[in-house]
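Chemist: One structure, pasted below without further comment.
Just so it is clear, none of the values below were taken in a lab; they were calculated from the coordinates. Worth saying up front: this structure is predicted, and the values here are computed from it rather than measured. All Cβ positions, glycine included, derive from the backbone under ideal geometry; neighbour counts span all protein chains shown.
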Amino acid sequence: MPAPATPPTLWSVARRPKYLGLLAVTLLVAAIFAGLAQWQFSRSLSTGPVVERDTETVQPLTALDAPQVGVDGDAIGHRVTARGALVPGDETVLTRRVQGEETGAWVVGHLAVETPDGVASLAVALGWAPTEEQAAEVAESLDADTAEREWAGRYTQDEGPQESDFEAGERRSLSTGDLINVWDEVEPAGAFGGYLIAADAPEGLEVIASPAPATETGLNWQNFFYFLEWIFFGLFALYIWYRMVKDAWQEEQPSDDAEDVVAEDAVTVPEPARPEK
Amino acid sequence: MPRTPSPAQAGRIRSSLKAYRLFAYVTGVFLLILVVEMAFKYGPLIWQEYGYELELGGTQGFLAFVPSDSITAVNLSVAIQIAHGYCYVGYLITDFILVQRMGWRITRFLVIALGGVVPGLSFFMEARVTREVDASLESLTPKEGAAA
């Protein structure tokens, strides 16, 4: 192989117009990839607008929602108070209600609350018991409690009645439309569309867990990984340019016969000594 | 002096060739399926309002081409796209490892990578790569058959 008088250094190969041109192309590609990375990063932080609303300031229920109309979106999940009394004999037991990791039953009462339109019906989930029997016992004992007082809790949208297995006499979901049929009679001003999860449970029941509705959107991991991926692609583009230069440089190194003999038995091919810069 | 693989590397080269060939076949087949899929999805748009996608276990039967918007069960078309994406990443990795171990120029990596993008090309590319690697491995190892 005819070797040039002085073998080129890696640095001198890199400065050739061909490789400078390739570097420009590589940098352009890397810049595009960086742009895509930034785009994915911003998407990973904000996918889906977050609606900030205050649900934790206690307000009178009548200020947020009215009977006989669909549940107002802003009222859902809000902590509220309502003044009223339980209607005796209208308690219902819902089965298969989950509390933490346990499945038990809810006692649901019929609350007659005062509203500007008159007295209205409001379903109230009073508490949770581990068994249906226990819940039924408490439900019966509540018939004596007819005192009007201030009720506090979280107001929630009701559930569809489909979950219940009526044929088996089992009621599983809290549907106001369904409860209206169970109650003796609906109060004159009608019934609220949602229901109240009582903040205090009567004796014998546990308070139903009702955390504040989640409003934060966390990091979107899919977009975050796309972001890392684009960063990697950008760096890889630069690495490929470096390898192109190195390949060209390596091919122009003079072949050393003595080194070749060593290479025959060597475990790995010794790299040609890189000249000091 | 171009780098050449050493005899001791033969085993590692062989295993990386095997991995590369596996991904070349799988990616190649997925890509051909994707071409058919795209033809069904976008082709009909020329003369009608909707294209077709492949639905698995829907109301139209176990496996059926249905209008794109009507899929309620498993969208097999999308599943194939995702699977192809992962396979192509595997193809790139095995491509890179093979090129590294063979001591080939990095441009070779790019050419093989592009071969996985053009439908059908990966099969020809794979055949050529395998032929070259085999030839280079043969020249590395002394002919055992001839010596005996």
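Chemist: Would you list A:R79, A:R15, A:R97 from fewest to most Cβ contacts within 10 Å? Can you show the working numbers first?
Modeler: On the way: A:R79 19, A:R15 13, A:R97 22.
With the sparsest Cβ surroundings first, the list reads A:R15, A:R79, A:R97.
Chemist: Report, as an integer, the average count of C-beta atoms from other chains found within 10 Å of each Cβ along A:238-251.
Modeler: Other-chain Cβ atoms within 10 Å of each residue's Cβ, averaged: 3.
Chemist: Next question, about the same structure. Would you list the membrane-span-like helices of chain B, meaning whole DSSP H runs whose alpha-carbon atoms span at least 18 Å along their axis and whose mean Kyte-Doolittle value is at least 1.0?
Modeler: Once both thresholds are applied, what remains is B:76-102.
Chemist: Roughly what angle does helix A:221-251 make with the longest principal axis of chain A, taking Cα atoms, 0 to 90 degrees, to the nearest 10?
Modeler: 0 degrees
Chemist: May I pose another question? Partner chain Cβ atoms within 10 Å, averaged over the residues of A:135-144 - can you pull that number for me?
Modeler: 0
Chemist: Something else: Could you compute the longest span of chain A free of GluC sites (Glu not before Pro) located in DSSP loops and having at most 11 other Cβ atoms within 10 Å, not counting the site residues?
Modeler: Looking at chain A, A:102-184 is the longest stretch - no exposed GluC sites (Glu not before Pro) with at most 11 other Cβ atoms within 10 Å.
Chemist: Please work out how much length the chain gains when fully extended from A:W221 to A:Q38, using 0.36 nm per residue of separation minus the C-alpha to C-alpha distance, in nm with one decimal.
Modeler: Gain in length upon complete extension: 64.4 nm.
Chemist: Continuing with the same structure: So for the pair A:A31, B:L56, with labels modelled 7 Å out along Cα→Cβ, what separation do we get in nm?
Modeler: Here the modelled spin labels are 4.4 nm apart.
Chemist: How would A:L142, A:L126, B:L114 line up from fewest to most surrounding beta-carbon atoms within 10 angstrom?
Modeler: B:L114, A:L142, A:L126
Chemist: Could you name the aspartates and glutamates in cross-link range of B:K18, using Cα to Cα under 13 Å and dropping any fewer than eight places away on the same chain?
Modeler: Hits, sequence-local ones excluded: B:D95, B:E126, B:D134.
Chemist: What ranking do B:Y88, B:Y20 get, fewest neighbouring Cβ atoms within 10 angstrom at the top?
Modeler: B:Y88, B:Y20
Chemist: Convert 20 °C to kelvin, take the viscosity as 1.002 mPa s, use the Kirkwood radius over C-alpha pairs of chain A as Rh, and evaluate the Stokes-Einstein diffusion coefficient in µm²/s, rounded to a whole number.
Modeler: D, rounded to a whole number, is 86 µm²/s.
Chemist: By per-residue mean of other Cβ atoms within 10 Å, what is the highest-first order of B:122-128, B:42-48? Mind dumping the intermediate values first?
Modeler: Numbers: B:122-128: 17.3, B:42-48: 10.4.
Going by the mean number of other Cβ atoms within 10 Å, highest first, we get B:122-128, B:42-48.
Chemist: Which value results when the Cα radius of gyration for segment A:1-160 is divided by 2.2 N^0.38 Å?
Modeler: Working: Rg = 33.8 Å, N = 160, 2.2 N^0.38 = 15.1 Å.
The reported ratio for this selection is 2.23.
Chemist: Related question: Within a 10 angstrom radius of each residue's Cβ in B:6-14, how many Cβ atoms of other chains show up on average? Whole number is fine. Mind showing how you got there, number by number?
Modeler: Working: counts 8, 5, 5, 3, 0, 0, 0, 0, 0.
Per residue, the number of nearby Cβ atoms from other chains is 2 on average.
Chemist: Related question: Report the Cα-based extents of segment B:9-142 along its three principal axes, largest first, to the nearest Å.
Modeler: Principal extents (Cα only, largest first): 62, 28, 18 Å.
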